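The values are calculated or read from the model by the stated rules, or taken from the named source; none is laboratory data. All values derive from a computational prediction rather than experimental measurement. Every residue, glycine as well, gets a Cβ built from its backbone with ideal geometry; the counts of neighbours run over all protein chains shown. For accessibility, only protein heavy atoms count, side chains too; no ligands or nucleic acids. Shrake-Rupley method; radii C 1.70, N 1.55, O 1.52, S 1.80 Å.
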Amino acid sequence: MKIGIIGIGNITLELALRSARSGHEVLLSNPRGTSSFRDLVRQMHGNIKLASTNQAAAAELIILFLNRDDLEKELQMLPCMKGKIILHTNNHIFNLDTFLPISSGQSSSDMVASLLPYSHIVRLFNPLHGLTISEDSNKDKIKIFFATENQKIKNNVEIYLDSLNFAGINLC
């Protein structure tokens, strides 16, 4: 599968590396420029290539990691994203300062959904290490949480995450 990554951060680099190791072709783009990542991508080997944002947006599955302040500007520059599955990674389960769920204001995923209304936005949350869930058949896999209400998209995301040796857990 061709994976497009728009925006570079720790989670997207980890997903890029795991995707390439799993045989996926990865197109890595950073709207703020890719020159500082050339050496890093060379060290990663595999099926990872630096690409333009439009090339990454043309992939079958898009992983998005953009600064909240840049969302509107960057998303308006994308080609038609109708029907695309977009894993949006700028999500937090808890406010780390207070350990309370974030409930005020519009989330960045809500912003993405409003700017790309015909895409399938899936909220992808950073993995939590050491979390134990009873009756868990994936004890050796790192759990990663996501949220989508669409059953077909859920299945596609679970298959993709499983190929990366993650145990995908849908919060919906």
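Does the stretch 44-63 contain at least one residue that is in contact (Cβ under 8 Å) with a residue 60 or more places away in the chain, crowded, with 17+ Cβ neighbours inside 10 Å and closer than 20 Å to Ser109 by Cα?
Within the stretch 44-63 (the criterion being in contact (Cβ under 8 Å) with a residue 60 or more places away in the chain, crowded, with 17+ Cβ neighbours inside 10 Å and closer than 20 Å to Ser109 by Cα), the answer is yes, since at least one residue qualifies.
Between residues in the stretch 74-86 that are touching a residue at least 60 places away in the same chain (Cβ under 8 Å) and residues that are open to solvent by 20 Å² or more (accessible area, probe 1.4 Å) and not in a helix (DSSP H, G or I), which pairs lie under 7 Å by C-beta distance while being six or more apart or on different chains?
Qualifying pairs under 7 Å: Glu74/Pro31; Ile85/His120.
Among the residues that make up the stretch 77-97, is at least one of them at pLDDT 90 or above and aromatic (Phe, Trp, Tyr)?
no
If you check Gln55, Gln43, which single one turns out to be assigned to a helix (DSSP H, G or I) and under 21 Å from Glu74 (Cβ atoms)?
Gln55
Name the pairs whose Cβ atoms lie under 7 Å apart, with the first residue in the stretch 18-40 and over 21 Å from Leu164 (Cβ atoms), the second part of a strand (DSSP E or B) and open to solvent by 40 Å² or more (accessible area, probe 1.4 Å), and 6 or more positions between them or separate chains?
Thr34/Leu50; Arg38/Leu50
Taking Thr89 as meeting all but one of (1) touching an Asp or Glu at 6+ places or on another chain (Cβ under 8 Å); (2) part of a strand (DSSP E or B), write down the number of the exception.
Checking Thr89 against (1) touching an Asp or Glu at 6+ places or on another chain (Cβ under 8 Å); (2) part of a strand (DSSP E or B), the one that fails is (1).
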